Amino acid sequence: DAKTTQPPSMDCAEGRAANLPCNHSTISGNEYVYWYRQIHSQGPQYIIHGLKNNETNEMASLIITEDRKSSTLILPHATLRDTAVYYCIVLSDRGSTLGRLYFGRGTQLTVWP
Amino acid sequence: NAGVTQTPKFRVLKTGQSMTLLCAQDMNHEYMYWYRQDPGMGLRLIHYSVGEGTTAKGEVPDGYNVSRLKKQNFLLGLESAAPSQTSVYFCASRDPQGRDEKLFFGSGTQLSVL
């Protein structure tokens, strides 16, 4: 049961910002938004997560709308190595999920030179 | 610090053969997971473990068995492989004491069943 909606693909020029959207209109008050990415032939890699406030780390920024029904992952200066599938995940029943994250099909981001 | 290590990286089986995939983590994580990923699809949870000696079923457990005899190892077994089990298998681990649900993944095992 998909709880998030992401575009299947996006592209971005190297050096520009990549903005990846995610809709999660049924998110509940205690559910977090997580982002992972999967570079071809590798295991998924954690990027960032948030509840309601915007978050930033060394990899990316996460902007969550005030109503929490959507969010945007921002890669400020995309490089060719950022080409990957990006997964937006909303936890169900945090605390009882025991890490059972639901990975949908994600967004294939292609960064071109 | 190797993180999560999966062996083997590639394997080809004939229908009906059995095999075991090994996952080892050196981060002292309590929770471990096995996922499968089919072409163009996301990851689906097969089985998971919340500690040594415990296992539980995920979304797609049929045809697989698991064991967690040691905290650092999580084994995934296929008793009688079927072509439908052709997939890429990923192991992951997590520290339940952490504030978040951050999973650490291995690099995957490509399994083909002919």
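All of the numbers you see were taken from the coordinates with simple rules; none came from a lab. Everything numeric in this text was worked out from a predicted model, so none of it was measured. Ideal geometry is used to build each Cβ from the backbone, glycine not excepted, and the neighbour counts take in all protein chains shown.
Observations on the structure shown:
- Residue order, fewest to most surrounding Cβ atoms within 10 angstrom, among B:VAL113, B:VAL12, B:VAL66: B:VAL12, B:VAL113, B:VAL66
- Each of A:ARG16, B:ARG11, B:ARG36 has some number of other Cβ atoms within 10 Å of its Cβ, and from fewest to most they run A:ARG16, B:ARG11, B:ARG36.
- Coupling constants for region B:17-23 follow from the phi torsions by the Karplus curve (6.51 cos²θ - 1.76 cosθ + 1.60, θ = phi - 60°), and in residue order they are 6, 10, 6, 10, 9, 10, 10 Hz; glycine and proline get x.
- Least to most buried among A:GLU14, B:GLU79, A:GLU31 (fewest other Cβ within 10 Å first): B:GLU79, A:GLU14, A:GLU31
- Alpha carbon Rg of chain B, scaled by the compact-globule rule 2.2 N^0.38 Å: 1.00
- Cα pair distances in chain A, grouped into 10 Å bins until the bin that holds the longest one, percent each: 15, 49, 30, 5, 0
- Subset of A:LYS52/B:LYS102; B:LYS71/B:LYS102; B:LYS57/B:LYS102; B:LYS9/B:LYS70; A:LYS3/B:LYS9 violating a 23 Å alpha-carbon distance limit: A:LYS3/B:LYS9
- In a fully extended conformation the segment linking A:ILE74 and A:LEU51 would gain 6.7 nm over its present Cα-Cα distance, using 0.36 nm per residue.
- Annotation for B:LYS71 and A:TYR32: the two label points, set 7 Å from Cα along the Cα-Cβ direction, are 2.2 nm apart.
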